[in-house]
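K.L.:
I have a structure I would like to understand better, so I am pasting it below and will then ask my questions one at a time.
The values are calculated or read from the model by the stated rules, or taken from the named source; none is laboratory data. What you are looking at is a predicted structure, and each value in this text was computed from that prediction instead of being measured. Note that we place each Cβ from the backbone using ideal geometry, even for glycine, and neighbour counts take in every protein chain shown. Calculation scope for accessible area: heavy atoms of the full protein, side chains included, ligands and nucleic acids excluded. Shrake-Rupley method; radii C 1.70, N 1.55, O 1.52, S 1.80 Å.
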Amino acid sequence: MEPPECPVCLQSFDERDAIPRVLSCGHSVCEACLAELPQRYQDTIRCPACTQLVKYPSQQGPSSLPKNIDLLRLSLQHSPSPSSSSSSDHSQIPNQRSTTNSCYYHPPFSSHELYVTWKDWILPHDAVLTDDHCIGWFSSTKGRGCFGVNRSVSLAPIVCFPPRDRSKFRFSYVAWVIKCLEGMNEGAKEELALILEASVRQGRMCRVYGLWSEGVEGPLYMVCERQRCNLLDKFGELGNGFLAVSEGGLELDKGGIFSFLMIGKGICEAVLALHLEGLVAGCLGLSCFSFDELGGICVDLNEALMLARKFVNAVSVEHKEEAMCKDCLENEVFASPEVLYELLHKRGTAPDSGHSRYPIGYGSDVWSLACVLLRLLIGNVLPWNTLEMKEENDGDSSASYACWVEKVSSVLEDKLGSEYLSLRQILCKCLDVNPGNRPDVVDVRKCIQNMLVKPQFDFLGNLEVTISRDYTGLCLVLGELCLLPKQSSNELIEHELWEKEIGGQPNVVQDGKGKSDEDFAAGLPKGMTELKDLQGHLDCISGLAVGGRYLLSSSFDKTVHVWSLQDFSHLHTFRGHENKVMALVYVDEEEPLCISGDSGGGIFIWGIAAPLRQDPLRKWYEKKDWRFSGIHSLVVSKNHSLYTGSGDRTIKAWSLKDETLICTMTGHRSVVSTLAVCDEVLYSGSWDGTVRLWSLNDHSPLTVLGEDPPAEMKSILAITVDRHLLVAAHENGCIKVWRNDVFMNSKTLHKGAIFAMSMQGKCLYTGGWDKNVNIQELSGDEFELDVKAYGSIPCSAVATAILCSQGKLYVGYADKSIKLLLI
């Protein structure tokens with residue numbers, strides 16, 4: 001037999017370093033550990049062996065408690081010669097002890113890591129306005145918006161879910177955004193994160209503000225800054241102003257070429273900013289570049305993404321490489337041959353050609369950049385439509401492509417002459433079929449810079465940036481984000497999402513057994529459906545309980561109904577109350593019991609064992625006082641004491657064995673409306689707006705929570721407790737949350753009183769006057785706690801009772817009905 005040891009430090013008891021002191025519950029703890037145990041309440045500690053609250057003389061210290069002589073004798077028998085190092089070992093014990101913190105950080109509905117990663121990118125629902133009267137709105141990316149004052153934004157859809165009309169469940173705004181992100185695969189989320197982070201670091205990119213949805217079950221958008229005009233807009237507005245534009249492009253006088261060089265340099269720097277963040281556009285157009293407030297050029301990530309989708313969708317329709325290339329050039333969607341081939345290859349329609357040999361990387365954007373510069377420089381004169389397939393080449397378009405590059409070079413020579421030879425040469429090199437032979441974006445910018453400022457006068461020097469040619473980067477055109485919101489794939493997306501959520505298994509209830517409580521919370525996103533509507537009561541539902549094979553319900557109609565959990569059929573009605581039944585509780589004993597209390601002070605105990613009997617096993621009444629209403633709340637402790645909260649502002653403890661009154665606890669100034677028991681502590685909530693805590697050992701008061709100024713006090717109608725977390729619901733629709741009796745947070749959840757509340761793990765379910773059942777998740781740590789709205793369930797009547805049990809949510813209503821909700 002091992003020697004007796006302290007339950008905290010696991011040190012064997014002895015007469016010098018680990019003297020055992022006896023607590024009132026009978027367990028022994030060494031003096032050193034007793035001195036360090038936290039006192040949650042004055043002169044009270046929780047026994048580390050049985051977790052009971054016991055009295056502790058904090059002023060006298062542990063030495064005032066009796067010494068356990070018997071344990072010392074046993075210890076001496078097992079260790080006659082104490083170790084010489086016991087003293088030094090014991091001095092280190094406080095550092096070796098481990099404490100358990102009940103941290104409410106794991107959200108039940110979604111990955112905590114996912115929420116933490118994306119929460120700072122979620123814009124408030126009212127951050128983007130969609131009023132058609134707003135000036136400067138942008139509508140070319142499937143949506144319009146205005147972010148803040150005089151700040152236009154563009155909206156690019158990221159995720160589109162089909163509507164689910166069969167569901168009663170409605171997500172909260174933030175929960176819906178997180179749900180959309182959950183529906184994306186990891187590749188798409190990585191691409192989105194890279195784009196968002198890149199926009200913050202690079203000044204040459206239009207700022208991405210974050211993610212936004214126009215409403216629950218609406219598309220999820222990426223919200224990007226929208227500048228006053230892009231290059232395409234500028235061509236249509238200036239006429240003979242800053243850029244003199246004709247059908248042939250810029251009028252190549254000194255002013256025109258200088259303007260081109262300035263804009264071309266800005267475009268190069270914008271593309272370079274993409275590459276510095278590891279991004280490859282894959283295709284570019286004039287609409288991808290905008291003028292910022294200072295006249296600089298920046299790349300619009302939303303426009304680049306939408307152009308990429310337009311290109312991908314066009315490729316999915318057209319199957320011939322050369323015809324597709326001609327169409328893209330004519331529509332000013334500039335994508336390099338190797339990008340086009342790769343897209344066709346993914347769809348299994350690409351012929352073997354020379355382009356298949358070349359990888360896609362930063363050099364692919366150099367080809368697109370050259371086309372944008374050529375479009376600015378010589379406009380529609382550029383021979384977009386001169387690509388022709390040579391049948392004698394067996395489908396190889398290399399010869400046709402080389403011919404097209406020669407024609408481009410010829411047009412440039414005619415327009416530019418010999419004065420701008422270096423510009424013509426580098427632009428033609430950018431169109432080389434082999435990306436490895438194309439110059440870098442830095443080289444293109446350097447060429448333009450040297451034309452603007454002669455090298456001997458450029459005291460700042462050229463931009464020195466090195467980008468590895470071997471790194472391919474993330475290509476938007478080939479990425480997942482270009483495939484997500486296609487309407488033609490809605491059925492596929494819906495199928496994949498439902499399979500992922502349901503796990504490939506139909507959601508069926510068999511033999512009265514549903515999913516576990518953890519599965520219940522995890523399954524909420526699939527949409528909550530009404531499984532059963534239980535009718536039978538004649539008045540408002542006041543309480544719900546589950547015990548054994550039965551669902552129990554009480555009502556103002558003075559009855560208690562028993563329902564089968566097998567098929568939810570009505571089995572029995574307990575009658576006998578002469579007043580409204582206000583509360584009920586199930587007691588799991590050898591003979592299971594149901595206890596109900598009414599507004600006249602009557603307490604009835606009913607037997608739940610089959611066969612169900614009509615008459616109560618026992619009944620008794622509180623002392624009647626016409627000035628007060630009767631019983632409002634019930635709870636039973638582990639030692640089978642019954643506690644009643646009454647209209648006379650008291651809490652009474654009763655013995656279930658002989659119905660005798662054990663004691664009466666006073667302190668509240670109004671009706672005791674709700675009771676709860678957890679870890680040997682009795683919690684009582686009252687219309688006086690406070691929650692009082694009582695020791696179940698001696699029924700002494702421990703502490704009072706929620707003592708607000710009288711003007712701010714609101715009646716407490718419900719409380720729920722889970723380990724160290726306490727939630728109180730008030731008549732004004734607000735909840736207050738305490739952790740270890742320290743106030744953590746408050747939040748308004750309903751428009752009106754909260755009559756019912758149930759907590760399952762980190763999920764909080766509330767129902768009340770506004771005919772909604774709201775679902776929140778409680779997350780945080782010992783320093784802060786967040787109440788995050790997850791969703792709501794619209795109801796047809798006021799919710800007066802809520803119970804979450806065995807993977808199901810039961811809701812009782814003021815219209816006499818009970819509804820069983822299931823995923």
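K.L.:
Within region 655-674, restricting attention to residues that are surrounded by 22 or more Cβ atoms within 10 Å (Cβ to Cβ) and assigned to a strand (DSSP E or B), which residue is farthest from the chain's Cα centre (by Cα)?
P.N.:
It comes out as V672.
K.L.:
Please go through (1) modelled with pLDDT under 80; (2) open to solvent by 10 Å² or more (accessible area, probe 1.4 Å) for F258 and return the number of the only condition it doesn't satisfy.
P.N.:
The one condition F258 does not meet is (1).
K.L.:
Next question. For region 749-770, give me the residue count where each residue is within 14 Å of G791 (Cα to Cα) and out of contact with any Pro (no Cβ under 6 Å at 6 or more places or on another chain).
P.N.:
Matching residues across region 749-770 total 6.
K.L.:
Got at least one residue in region 560-575 being within 38 Å of the chain's Cα centre (by Cα) and within 22 Å of S637 (Cβ to Cβ)?
P.N.:
So far as region 560-575 goes, no, none of its residues is within 38 Å of the chain's Cα centre (by Cα) and within 22 Å of S637 (Cβ to Cβ).
K.L.:
Does region 732-743 contain at least one residue that is in contact with an Asp or Glu (Cβ under 8 Å, 6 or more places away or on another chain) and closer than 16 Å to I716 by Cα?
P.N.:
Within region 732-743, one or more residues are in contact with an Asp or Glu (Cβ under 8 Å, 6 or more places away or on another chain) and closer than 16 Å to I716 by Cα.
K.L.:
Does L427 qualify as being assigned to a helix (DSSP H, G or I), open to solvent by less than 60 Å² (accessible area, probe 1.4 Å) and modelled with pLDDT under 85?
P.N.:
Spelling it out, it is not the case that L427 is assigned to a helix (DSSP H, G or I), open to solvent by less than 60 Å² (accessible area, probe 1.4 Å) and modelled with pLDDT under 85.
K.L.:
Residue under question is Y420, and the condition is that it be modelled with pLDDT under 85 and open to solvent by less than 30 Å² (accessible area, probe 1.4 Å); does it hold?
P.N.:
So Y420 fails the test.
K.L.:
Let me ask you something else. So I793 passes all but one of these: (1) within 14 Å of Q535 (Cβ to Cβ); (2) surrounded by 19 or more Cβ atoms within 10 Å (Cβ to Cβ). Which condition number does it fail?
P.N.:
(1)
K.L.:
Another question, then. Within the set of pairs 6 or more residues apart or between chains, which connect a residue that is under 15 Å from L369 (Cβ atoms) inside region 333-356 to a residue that is open to solvent by 60 Å² or more (accessible area, probe 1.4 Å) and modelled with pLDDT of 55 or more with Cβ atoms less than 7 Å apart?
P.N.:
Cβ pairs passing all conditions: V333/K310.
K.L.:
Would you check if there is a residue in region 767-785 being under 18 Å from L544 (Cβ atoms), surrounded by 19 or more Cβ atoms within 10 Å (Cβ to Cβ) and among the hydroxyl-bearing types (S, T, Y)?
P.N.:
no
K.L.:
While we're here: I'd like the residue in region 797-820 that is modelled with pLDDT of 90 or more and open to solvent by 30 Å² or more (accessible area, probe 1.4 Å) and, out of all such residues, is nearest to H537 (Cα to Cα).
P.N.:
K816
K.L.:
Okay, moving on. Mind listing whichever residues of region 620-654 are out of contact with any strand residue (DSSP E or B) (no Cβ under 6 Å at 6 or more places or on another chain) and either open to solvent by 20 Å² or more (accessible area, probe 1.4 Å) or of a type in the set (S, T, Y) (or both)?
P.N.:
Listed by number, the residues that qualify are K623, K624, D625, W626, R627, F628, S629, K638, N639, H640, D648, R649.
K.L.:
For R723, indicate whether it is charged (D, E, K, R), at pLDDT below 95 and at positive phi.
P.N.:
yes
K.L.:
Run S167 past the list (1) at pLDDT 60 or above; (2) not in a loop (DSSP other than H, G, I, E, B) and report the number of the one that doesn't hold.
P.N.:
It is condition (2) that S167 fails.
K.L.:
Within region 400-426, count every residue that is within 22 Å of I257 (Cβ to Cβ) and in contact with an Asp or Glu (Cβ under 8 Å, 6 or more places away or on another chain).
P.N.:
2
K.L.:
Can you name every one of the strands (runs of 3 or more DSSP E) wholly within region 553-649 that holds 1 or more residues which are farther than 21 Å from I802 by Cα and either touching a Phe, Trp or Tyr at 6+ places or on another chain (Cβ under 7 Å) or not acidic (D, E) (or both)?
P.N.:
570-575, 602-607, 618-621, 641-646
K.L.:
Any residue at all in region 323-342 that is of a type in the set (S, T, N, Q), assigned by the TED database to the domain that holds L452, modelled with pLDDT of 85 or more and assigned to a helix (DSSP H, G or I)?
P.N.:
No, because not a single residue in region 323-342 is of a type in the set (S, T, N, Q), assigned by the TED database to the domain that holds L452, modelled with pLDDT of 85 or more and assigned to a helix (DSSP H, G or I).
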